Amino acid sequence: MSAGGVLFSATVEMEVGEPLEYIITFPTPPGNGGGVNLRCLGKVVRLESGASEPGGKAPFLVAATLERYEFLR
């Protein structure tokens, strides 16, 4: 995660340029009244095949921009 985007793994293939909505959940200390989520809108800028996982699924590494965001409580 950076100010300009994220890199994550996915089990479905996406297309470069495809719009994307994703949610990032920030950890909070116990007893702090719940977590904070960041709802992000961006687009896929890079897609790579990842390493094979047990069970035969090969995840994809997805690089996406962070163009707009809002905090959700």
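A short reminder: the numbers here are calculations on the coordinates, not readings from a lab. Remember, it's a predicted structure, so these values are computed and weren't measured experimentally. With ideal geometry, Cβ positions are generated from the backbone for all residues, glycine too; neighbour counts draw on all protein chains shown.
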Checklist outcome for this item: Candidates V16, V36, V62; GNM for the chain (alpha-carbon contacts under 10 Å) flags as most fluctuating V36
Checklist outcome for this item: With bins of 5 Å, the percent of all Cα-Cα pairs of the chain per bin from 0 is 4, 15, 22, 19, 15, 13, 8, 3, 0
Item to check | Unit charges on C-beta of K, R, D, E only; dipole of region 5-72, Debye | outcome: 160 debye
